[in-house]
Every structure is written in structure tokens, then in C-alpha cells.
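Structure record follows, encoded as C-alpha cells.
Derivation of every value follows stated rules applied to the coordinates shown; laboratory data play no part. In this text, all values refer to a predicted model and were calculated from it rather than measured experimentally. Don't worry about glycine lacking a Cβ; one is built from the backbone with ideal geometry, like all the others, and counts go over all protein chains shown.
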Amino acid sequence: MAVLASEVRAGLAAGAPVVALESTLVAHGLPWPDNYVIARELEQTVRAAGATPATIAIIDGVVHVGLTTELLERVARDGTKFAKAAMSDVAVHVARKTSAATTVSATATIAASSKIRVFATGGIGGVHRGNASDVSQDLVALSRAQIAVVSAGAKAILDLPKTLELLETLGVLVVGFRTGEFPAFYTRSAGLPLEHRVDTATELAAIARHHWKVVIGGILVCNPIPAEAELDVEPAIASALVDAADAGISGKRLTPFLLARLAEVTGGRSVRANRALVLDNARLAGEIAVAMAADRS
């Protein structure tokens with residue numbers, strides 16, 4: 001059973017807006033103290049939009065929904081000691097009383113079970129390039145969890161056409177926010193048209209309310225990276241994929257390896273782009289949560 005932070009528990013009880021945030025970015029995405037700075041910025045961005053942030057992590061076998069300042073700092077400072085938990089790993093860490101940062105799949109699942117209906121992340125996982133059988137649990141979680149996940153599409157290192165096709169197969173509602181195309185994380189479009197577009201958080205809240213009357217499954221809200229932060233990394237991705245193949249890196253190790261190589265090849269520009277998009281997603285998620293709370297009232 002998850003332990004809800006006092007402000008998260010009070011917010012949910014009052015029907016106030018709450019936004020879930022993952023902890024993998026904090027523990028594994030950046031080195032200390034940059035990771036702690038971005039974690040605080042994400043929470044502050046959600047608050048500025050009028051919602052309560054709920055960063056999720058597993059600490060000493062306890063699932064925390066919302067972290068105190070001290071716990072958030074521990075996740076950031078001791079990130080290398082935290083495992084990386086997908087949806088299927090959560091029970092193992094709880095039973096063994098170990099600590100883990102939650103990925104998109106775990107965060108979405110825990111948040112939805114806690115009645116949180118909005119989650120902000122950077123980009124979801126999906127189908128890996130060159131290996132259609134290597135599919136992230138994020139897509140399965142999205143098909144099962146009653147939550148709206150705000151992201152800049154799927155990570156650019158993935159096979160985006162296959163990822164979008166599998167989302168449709170799994171019955172995940174994919175909506176572009178002020179866009180009619182699937183974003184490619186670092187760039188605003190992957191050249192893949194979307195069937196549905198919305199232009200306001202209010203409209204999205206209404207769609208979510210009607211969707212969840214009949215569907216137990218998630219909504220992927222695609223929010224393109226801000227135009228000024230857009231970055232073409234396709235050549236760097238191709239090079240990083242070759243390096244990964246040469247090193248025999250696959251599975252859970254592949255994504256962190258590729259992202260680290262991108263940061264190196266781009267001279268840190270990919271990290272700055274990642275920061276810009278994840279903060280923008282947190283802002284939009286806060287606005288959507290506020291609109292959902294108003295839609296229920």
C-alpha cells in the first residue's frame with residue numbers, strides 16, 4: 001500500500017488538482033546536484049500551475065506518493081543506490097524493503113491506483129529500433145491505467161511509427177495538444193499524423209471524463225517540445241545505436257546508454273532540451289489537472 005504525503009492526501013480528499021511525477025529522472029537522469037535542482041523545478045512548475053506535485057518513489061520498501069524535501073534530496077543524492085523499477089518490479093522492492101526510482105510504467109500504475117489522474121514525464125518508452133520484440137512496459141501500463149500522461153511523445157531513440165501503431169493496438173487514446181502530429185521528443189514532429197487534436201486543457205478534461213466512463217485505460221497527451229529548444233539529434237542517435245550494438249548493450253541498459261551518448265555527442269545540448277520539454281510538460285499537466293478538478297465540480 002502506498003503512503004501518500006499529507007498534502008497529496010488532503011488534495012485528493014478535497015478533489016483538488018494533483019500531478020504525479022516520476023523519480024527515474026531524478027535518480028538516474030542527471031548527476032547530483034543537477035538532478036535535485038530539476039526535481040525541485042518540476043514540483044515548483046506544477047505548483048505554479050495551481051496543482052499539487054506528487055513525486056513517486058520506492059524508499060526502503062515503502063511506495064511514497066509525494067516526497068518531503070528530505071526524501072526528494074535522498075533520491076537525488078543517492079540515485080546510484082536506487083534501482084530502476086518498472087511496473088512489474090514494484091512488488092519485489094516492497095517485499096525486499098529496497099529502494100527504487102519509478103519509471104513511466106510504475107509511476108502511472110501507482111498514481112492511477114492512488115486516484116491521481118494526471119502524470120507529467122519527458123517521453124514514454126516504446127518499441128526499440130531494430131527489435132520490434134523489445135517493447136517498453138510503459139505501453140502496457142498506459143493501456144491499463146486510468147491516467148492522462150503528458151509527454152513530448154516517445155523517446156527519439158525508439159521506432160516511433162511502430163510505437164504509435166502499438167499504442168493504437170493497445171487502445172490507448174493518443175491526443176496531440178495543439179498539434180496534429182506525433183512529437184519526436186527532441187523535435188516537434190516525427191512526421192506521423194495523429195487522429196485527435198485538442199487546443200485547451202478544458203476540452204481535454206471533458207474528453208478524459210467521458211473516456212473514463214467507458215474505458216479503463218490511459219490517455220497519452222502529446223505536447224511538443226518548445227520550439228526554441230528543438231534539437232535535431234537523428235545523426236547522433238544513429239551513431240549511438242552503432243556504439244550500443246558494438247558494446248552488446250540491450251534491454252534495460254540500452255536507453256540510459258543511448259541518452260548518455262547523446263549528451264556526450266551533442267555537448268550537453270540534449271540535456272538542456274530534455275529539461276525544457278519536461279518542465280513544459282509539468283506546466284501543461286498542472287493546467288490539465290486544474291481543468292479536471294473544475295470539470296468535476
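Values as computed for the structure displayed
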quantity	calculated
Antiparallel DSSP beta bridges within segment 73-193, percent to nearest 5	45
Per DSSP, loop trypsin sites (Lys or Arg not before Pro) in segment 148-222 with at most 12 further Cβ within 10 Å	178
For segment 1-110: Kirkwood Rh in Å [reciprocal of mean 1/r, alpha carbons]	13.6
Estimated FRET transfer efficiency (residue 243, residue 34; beta-carbon r; R0 22 Å; 0.05)	0.40
Residues listed by number, segment 253-297, amide nitrogen under 16 Å from residue 209 label point at 7 Å toward C-beta	288-297
222 nm mean residue ellipticity, helices alone, for the chain (DSSP H n ≥ 4; -39,500 (n - 2.57); rounded to 500)	-14000 deg cm²/dmol
Helical segments meeting 27 Å axial Cα length and Kyte-Doolittle -0.5 threshold in the chain (DSSP H)	269-296
Exposure proxy order (Cβ contacts within 10 Å, fewest to most) of 82, 119, 257	257, 82, 119
Calculated SAXS-style log₁₀ I(q)/I(0) at q = 0.15, 0.17, 0.21, 0.26 Å⁻¹ - segment 187-240, Debye, Cα scatterers	-0.63, -0.74, -0.91, -1.12
Lysine pair number, Cα distance threshold 15 Å (strictly under), segment 3-296, separation 8 or more or different chains	5
Percent of beta bridges antiparallel (DSSP, the chain, rounded to nearest 5)	30
Rg to Rh, two decimals, where segment 114-200 supplies the alpha carbon set and Rh follows Kirkwood	0.94
Structure-derived Cα extents along the principal axes in Å - corresponding label in [x] 113, 38, 33; [y] 67, 51, 36; [z] 53, 43, 34	[z]
Gap separating the Cα centres of segment 112-173 and segment 63-81, nearest whole Å	25
Likely footprinting exposure, 246, 199, fewest C-beta neighbours within 10 Å first	246, 199
Share antiparallel - DSSP beta bridges, segment 31-134, percent rounded to 5	70
Gaussian network model of the chain, springs between alpha carbon atoms under 10 Å - residue of 74, 275, 253 with greatest fluctuation	253
For segment 150-200, the fraction of alpha-carbon pairs in successive 10 Å shells from zero, as %	27, 62, 12
GNM top mover of 241, 164, 204 - the chain, alpha-carbon springs below 10 Å	241
